[in-house]
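Everything on this sheet refers to the single structure shown next.
The values are calculated or read from the model by the stated rules, or taken from the named source; none is laboratory data. Small disclaimer: the values here were computed from a predicted structure and weren't measured. Glycine also receives a Cβ, built like all others from the backbone with ideal geometry; neighbour counts cover every protein chain displayed. Protein only, heavy atoms only, side chains kept; ligands, DNA and RNA dropped before computing areas. Shrake-Rupley method; radii C 1.70, N 1.55, O 1.52, S 1.80 Å.
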Amino acid sequence: MTEADDDLELLLAAARADFASRLDGKLCELQELSTRGDWAEARRAAHRLRGSAGTYGFPKIGAAAGEMEDILIDADLSPNDEAKSRFASAVAAARVEAEVAARGAA
Amino acid sequence: MTDAPRADPVFALGELVAETYEIRSLLGSGGMGEVYEARDRSLNRRVALKVVRPNIKRDYLLREGRALAAIHHPGVVTVHTMGEHRGVLFLVLERVQGLSLDRMIDERRGRGERFGIAEAMDLLVSIADTLSIVHRAGLAHRDVKPANVMLAPGGRVVLMDFGLVLPHADRAGHRTVAGSLDYMAPEALTGHLTEGEAHLLDIYGLGVLAYELLAGVLPFDSGDQTPDAHRAKSRSCPLLTAHRSDVPKPLSALIAQMMAAEPSERPQSAEAALWQLHAVRGRLGSEGPTRPFAVLVVDDDPDMRSALTLYVRAAAPDAEVETTGEGRHAIRSVRRRVPDLLLLDLDLPDINGIEVCMLLRGMHLGDSCLIVSVSARATRADVELLQQLGVRSLEKGPNLMTELVQIVQRMRPR
């Protein structure tokens with residue numbers, strides 16, 4: 001490992017820890033958007049989280065966010081009660097994972 | 001097309017082909033067929049109409065038409081349709097106005113002038129970019145030479161004459177020696193190609209073309225064309241630096257590698273050659289002030305912008321990285337300055353990434369930069385469309401860093 005590689009590892013670890021510490025906030029925002037019924041913005045937020053969580057090394061959260069996005073796309077951004085319930089379950093599952101991630105990063 | 005004794009024209013001047021295309025002039029003629037300029041009476045536009053001679057297999061034209069139809073890229077001539085008239089199969093193509101590269105080389109040679117390094121690099125990057133698209137479509141051109149490169153207005157560089165194109169994994173037809181001898185790889189002379197390696201013929205052809213472009217002469221004469229003699233000549237071919245001292249050594253080495261007698265010693269894809277050309281171009285410091293490696297990151301997620309910036313800097317610490325969350329801003333930015341690498345999210349809030357690519361390609365703004373889409377949910381159709389636009393696709397996820405770092409390192413070795 002060179003000094004530059006060490007620096008990179010440190011930077012990556014810091015970026016990952018910072019991301020992990022903000023994950024729950026992102027999921028709270030998703031929950032709020034669903035409560036407000038702003039499904040278009042919820043779809044966008046879920047899409048962003050799908051990509052970023054997977055990239056930062058949190059594949060389970062990325063998969064849960066992908067599920068949220070797919071539910072809203074399938075429902076054409078007008079989810080019925082059953083779709084809303086599945087959406088809420090996916091958010092809850094992701095929040096459990098986010099808590100684990102935040103603890104691991106702390 | 002290879003030279004052969006002239007035969008009677010297939011179509012007569014003034015003839016109305018398929019009740020639509022009025023033959024105006026003969027643009028070119030060779031052993032295999034002819035290309036005419038015609039007027040499309042329905043759409044009132046000029047087109048090129050290509051036919052093969054009656055003694056030539058129609059497969060050549062069918063293959064060419066299908067190959068062209070599979071690719072949409074400014075470096076590839078657009079096919080409009082295919083038809084039959086008086087039992088003759090014809091292909092209707094975009095009429096590309098311009099000057100062929102072989103004529104330009106001849107003219108420069110006649111005036112005692114040579115191509116500048118930067119000018120030659122721009123041409124080689126464009127041709128390699130087009131070849132990478134052709135190869136990614138699963139095809140090999142098999143007749144890369146200056147006569148088949150058209151320089152069109154607006155700096156457009158078009159690869160012409162796909163008559164010898166073959167799926168590069170196809171073994172069929174390899175017993176026939178096809179192509180132009182001066183640009184033909186040794187293994188093509190034997191007619192025995194390894195399955196899946198037909199695209200390496202194009203790498204060889206590109207190497208000879210590059211050599212001729214910069215040196216003003218072919219690397220070796222085409223006298224003795226037995227495979228063994230050809231291999232021996234390939235091995236003893238003088239380096240470009242022997243012809244002109246201003247050719248950067250890495251470029252001279254890359255061109256020699258492209259012309260390696262053994263296919264396994266050449267860059268193994270046009271994309272690899274393209275990256276190396278980009279890298280050489282990025283280091284052309286001796287011709288002017290060093291230009292920093294410029295990257296534009298387009299993603300509406302600030303976390304992805306941060307991650308992509310970090311990954312780029314991991315491979316190129318001195319890179320100049322600009323970021324934006326909007327497609328329209330990205331287009332304005334490219335208008336101001338074309339980056340070396342554009343990393344583009346597909347799902348953007350204003351216009352989507354595919355539209356951004358189409359606009360950039362349509363305006364020829366992104367022709368000299370490598371565009372890589374970075375998406376979390378690109379469909380197969382998206383990836384295919386992007387491929388046709390010459391855009392490489394990466395998926396957001398745990399492998400993104402490794403893949404992106406590899407791309408940047410190939411473009412810009414540390």
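For the stretch B:321-335, in order, what is each residue's ³J(HN,Hα) by Karplus, 6.51 cos²θ - 1.76 cosθ + 1.60 with θ = phi - 60°, in whole Hz (x at glycine and Pro)?
Calculated HN-Hα couplings, in order: 10, 10, 10, 8, x, 10, x, 5, 5, 4, 5, 4, 5, 5, 4 Hz.
Roughly how many Å² is the accessible area per residue of the stretch A:57-106, as a whole number, for a 1.4 Å probe? Show your work: numbers first, answer last.
Values: 2680 Å² over 50 residues.
Computed with neighbouring chains in place, this is 54 Å² per residue.
Using a 1.4 angstrom probe on protein heavy atoms only, which residues from the stretch A:12-31 are buried by at least 30 Å² of accessible area when all chains are present rather than their own chain alone?
A:L12
Which log10 I(q)/I(0) values, to two decimals, does chain B give at q = 0.10 Å⁻¹ under the Debye formula with one point per Cα?
-0.72
Which of the residues in the stretch B:371-393 lose at least 40 Å² of accessible area when you go from the chain alone to all protein chains together (probe 1.4 Å)?
B:A376, B:R377
Once the Cα atoms of the protein assembly as shown are picked out, what are the Rg and Dmax in Å?
Radius of gyration, then largest Cα-Cα span, for the protein assembly as shown: 26.4, 82 Å.
Compare the Cα positions of B:L89, A:F87, A:A101 along the charge dipole of the protein assembly as shown (+1 at Cβ of Lys, Arg; -1 at Cβ of Asp, Glu; about the Cα centre) and return the one farthest towards the positive end.
Of B:L89, A:F87, A:A101, it is B:L89.
Calculated FRET efficiency, A:A88 and B:R103, Cβ-Cβ r, R0 41 Å, to nearest 0.05? Each step should come with its number before you reach the end.
On the way: r = 68 Å, r/R0 = 1.67.
With a Förster radius of 41 Å, E is 0.05.
Roughly how big is the B-A contact, given as buried accessible area in Å² (both sides, 1.4 Å probe, nearest 100)?
On the way: alone 18070 and 6300 Å², together 22720 Å².
Buried area between the two chains comes out at roughly 1700 Å².
Considering only protein heavy atoms, with the full assembly of protein chains and a 1.4 angstrom probe, order B:M121, B:M32, B:M82 by accessible area, largest first. Please list the in-between numbers first.
Values: B:M121 0, B:M32 35, B:M82 65 Å².
So the residues, ranked largest to smallest area, are B:M82, B:M32, B:M121.
With every protein chain left in place, what is the accessible area of B:F115 in Å² (1.4 Å probe, nearest 10)?
About 10 Å², rounded to the nearest 10.
Per residue of A:39-50, how many C-beta atoms from partner chains lie within 10 Å of its own C-beta, taken as a mean?
3
Could you check what % of the DSSP bridge pairs in chain B are antiparallel, to the nearest 5? Mind showing how you got there, number by number?
Values: 36 of 54 bridges.
So the antiparallel bridges amount to about 65 percent of the total.
What nm distance separates the two modelled labels at B:R380 and B:R46, each placed 7 Å from Cα along Cα→Cβ?
Once both label points are built, they end up 4.2 nm from each other.
Quick one: what are the phi-derived ³J(HN,Hα) couplings along the stretch B:57-66, Karplus 6.51/-1.76/1.60 with θ = phi - 60°, whole Hz, x for glycine and proline?
4, 5, 3, 4, 6, 4, 4, 4, x, 5
Place a +1 charge on the Cβ of each Lys and Arg in the stretch B:1-119 and a -1 charge on the Cβ of each Asp and Glu, then give the dipole magnitude about the Cα centre in debye, rounded to the nearest 20.
On the way: 19 positive and 17 negative charges, 14 e Å.
Around 60 debye, computed over the stretch B:1-119.
For the stretch B:41-118, what does the accessible surface come to per residue with a 1.4 Å probe? Please give it in Å².
Working: 4030 Å² over 78 residues.
I get 52 Å² per residue for the stretch B:41-118.
When the accessible area of the protein assembly as shown is split by element with a 1.4 Å probe, what percent falls to carbon and sulfur? List each step's numbers first, then the result.
On the way: 11420 of 22720 Å².
C and S atoms contribute 50 percent here.
If you fit an axis through the alpha-carbon atoms of helix B:302-315 and take the longest principal axis of the Cα set of chain B, what angle between them do you get, 0 to 90°, nearest 10?
Approximately 70 degrees, to the nearest ten.
Roughly what % antiparallel, to the nearest 5, for the DSSP beta bridges in the protein assembly as shown? Could the numbers behind the result be given before it?
Numbers: 36 of 54 bridges.
Counting DSSP beta bridges with both partners in the protein assembly as shown, the antiparallel share is about 65 percent.
Determine the per residue accessible area of the stretch B:317-401 with all protein chains present and a 1.4 angstrom probe, expressed in square angstrom. Provide the component values of the computation, followed by the final result.
Details: 3630 Å² over 85 residues.
Result: 43 Å² of accessible area for each residue.
Order B:D382, B:D246 by their accessible area, 1.4 angstrom probe, all chains in place, largest first.
B:D246, B:D382
If the reach is capped at under 30 angstrom between alpha carbons, list the lysines near A:K60, excluding any in the same chain fewer than eight residues apart.
The reachable lysines, counting only those whose Cα sits under 30 Å from A:K60, are A:K26, A:K84, B:K396.
Is there a quick way to get the dipole size of the protein assembly as shown? I mean about its Cα centre, with the Cβ of Lys and Arg at +1 and of Asp and Glu at -1; what is the value in debye to the nearest 20? Could the numbers behind the result be given before it?
Numbers: 62 positive and 74 negative charges, 229 e Å.
With Lys and Arg at +1 and Asp and Glu at -1, about 1100 debye.
Once the whole set of protein chains is in place, how much accessible area is left on A:E9, using a 1.4 Å probe, in Å² to the nearest 10?
My reading of the accessible area for A:E9 is about 100 Å².
Run the dipole for chain B about the Cα centre, Lys and Arg Cβ at +1, Asp and Glu Cβ at -1, nothing else charged, and hand back the magnitude in debye, nearest 20. If you can, show how the numbers build up before the last one.
Working: 49 positive and 54 negative charges, 103 e Å.
Charge dipole, chain B, about its Cα centre: 500 debye, nearest 20.
If ligands, DNA and RNA are left out, what is the accessible area of B:E15 with a 1.4 Å probe, given in Å² to the nearest 10?
40
List the residues of the stretch B:316-349 whose accessible area drops by at least 20 Å² when all protein chains are present, compared with their chain alone, using a 1.4 Å probe and counting only protein heavy atoms.
B:D347
B:K57: which lysines have alpha carbons under 30 Å from its alpha carbon, excluding same-chain residues fewer than 8 sequence positions away?
B:K145
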